[in-house]
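Encoded as structure tokens, the structure appears first; notes follow it.
The values are calculated or read from the model by the stated rules, or taken from the named source; none is laboratory data. Remember, predicted model here, so these are calculated numbers, not experimental data. Positions of Cβ are backbone-derived with ideal geometry, glycine not excepted, and every protein chain shown enters the neighbour counts.
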Amino acid sequence: MNPCLWIGVILVSSLCIVSCARKKNKETAPSYGCNSNCGCTNPNSICGCTNDLSNIPASYKTAITKYTNANTNYSLHVCTQDSDSDGSPDYMVVESSNRPEHKSHYFETTHALYELFDFLTNLYKYAATKTSAGYSGIPGSAGHNKIAEQFIVMKMPISPDNSSTKTNTTYSTIGLALNGVSFFNENAAPGDQITNELFTFDQCSGHPQNSGVYHYHVDPACLIRDLGGSVTDNSTTVNETTYRWIEDSGSNGNLLLGFLLDGHPVYGPVGDNHTDSNGNATPSIDSYNGHFHATTEFSSGT
Ligand SMILES: [Ca+2]
Ligand SMILES: [Zn+2]
Ligand SMILES: [Zn+2]
């Protein structure tokens with residue numbers, strides 16, 4: 001398990017997160033879909049409650065369309081924005097309430113997708129990190145944080161490209177997975193170590209921060225499973241208790257997981273070199289953990 005997966009280089013991009021008031025009644029009896037999302041009626045919404053992919057560039061359409069159907073419980077919306085009103089679109093926009101389609105210990109206990117998780121499992125799931133980082137704590141949940149509905153507007157440049165100016169990513173949303181959940185980078189906010197935070201991850205390798213923004217720092221095993229990727233079942237029995245977890249198999253290098261704010265797609269994590277969608281060996285990743293090659297969604301390379 002390599003926690004150094006999401007290195008994003010933010011280029012021209014913009015993001016806004018508006019926390020929505022927690023609607024506990026809706027959380028207990030979720031009525032799934034756009035109409036239960038505060039984002040739809042949020043005055044900051046660009047897409048409203050609809051998808052409009054007509055101005056998404058042809059080369060991005062297959063990939064971006066996946067945002068509209070990957071999360072079977074909570075709708076996301078995709079559109080474009082002509083921010084300077086000159087008649088040509090400037091941004092690809094994804095709007096999300098940032099709630100996963102998979103189960104989590106971090107949903108309210110009354111939520112349909114709540115599932116208990118024994119955090120001691122993380123001692124075995126992240127055994128290599130435990131050893132290398134010398135972690136000696138007792139894993140537990142991330143305080144009282146729970147998954148809360150958000151309204152996230154991700155604006156990616158309509159023609160993403162490599163920038164000559166690189167900017168460090170922040171300790172907040174740096175992109176969105178196809179299910180609408182935030183990608184954070186591979187670091188904990190100052191004062192914390194990711195090698196400690198790792199042990200607060202739920203059964204799907206995510207956790208919420210203190211305003212309820214659920215996020216992934218590492219490969220999202222349950223999302224990978226739900227997208228049809230390959231995961232492995234693991235278990236260990238210690239003192240007559242059996243701990244079970246799933247992990248990314250390391251062979252999902254051609255599985256699209258989402259995008260970063262700069263418009264670069266994120267694929268299922270693999271080591272440095274893998275095979276592209278044409279069966280060719282890929283180049284090594286650069287110092288920003290990115291490389292260029294053909295994928296299923298980008299046949300001319302991305
Ligand atoms: Ca324009
Ligand atoms: Zn975190
Ligand atoms: Zn690759």
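Just a few scattered comments:
- No other residue among Y171, Y214 is closer than 30 Å to D84 by Cα and within 11 Å of ligand 2 (Cβ to nearest atom) apart from Y171.
- Cross-chain or 6+ apart pairs with Cβ under 9 Å, region 273-284 first and over 16 Å from E297 (Cβ atoms), then among the acidic types (D, E): S284/D272
- Hey, P220 near ligand 3 (Cβ under 10 Å from one of its atoms), within 21 Å of T129 (Cβ to Cβ), touching a residue at least 40 places away in the same chain (Cβ under 8 Å) and out of contact with any helix residue (DSSP H, G or I) (no Cβ under 7 Å at 6 or more places or on another chain) or not: no
- Annotation: of all residues in region 100-112 being buried (at least 17 other Cβ atoms within 10 Å of the Cβ) and more than 16 Å from ligand 2 (Cβ to nearest atom), the one that is farthest from A177 (Cα to Cα) is H111.
- Count of region 88-103 residues which are under 17 Å from the mean Cα position of the chain (by Cα) and either within 16 Å of ligand 1 (Cβ to nearest atom) or free of Cβ contacts under 8 Å to residues at least 40 places away in the same chain (or both): 1
- Top-ranked residue of region 210-265 - restricted to ones that are acidic (D, E) and assigned to a strand (DSSP E or B), ranked as farthest from G180 (Cα to Cα): D233
- Residues in region 142-159 that are over 19 Å from the mean Cα position of the chain (by Cα) and more than 21 Å from N44 (Cβ to Cβ) were compared, and the one that is surrounded by the fewest Cβ atoms within 10 Å (Cβ to Cβ) is H144.
- Meets criteria (more than 16 Å from ligand 2 (Cβ to nearest atom) and either modelled with pLDDT under 95 or more than 18 Å from G206 (Cβ to Cβ) (or both)) for G87: yes
- Answer from F117, F107 - the residue that is touching a residue at least 40 places away in the same chain (Cβ under 8 Å) and either within 16 Å of ligand 3 (Cβ to nearest atom) or in contact with a helix residue (DSSP H, G or I) (Cβ under 8 Å, 6 or more places away or on another chain) (or both): F107
- Odd one out for L116, checked against (1) surrounded by 18 or more Cβ atoms within 10 Å (Cβ to Cβ); (2) at pLDDT 95 or above; (3) not acidic (D, E): (1)
- When we screen D272, D276 for residues that are over 15 Å from A221 (Cβ atoms), touching a His at 6+ places or on another chain (Cβ under 8 Å) and within 16 Å of ligand 3 (Cβ to nearest atom), the only hit is D276.
- Some residue of region 267-278 being in contact with a helix residue (DSSP H, G or I) (Cβ under 8 Å, 6 or more places away or on another chain) and either surrounded by 12 or more Cβ atoms within 10 Å (Cβ to Cβ) or assigned to a loop (DSSP other than H, G, I, E, B) (or both): yes
- Taken as a whole, region 292-301 holds no residue that is β-branched (V, I, T) and either under 26 Å from H144 (Cα atoms) or within 17 Å of the chain's Cα centre (by Cα) (or both).
- Selection within region 188-199: residues that are crowded, with 18+ Cβ neighbours inside 10 Å and touching a Phe, Trp or Tyr at 6+ places or on another chain (Cβ under 7 Å). The member of this set that is nearest to S136 (Cα to Cα) is F199.
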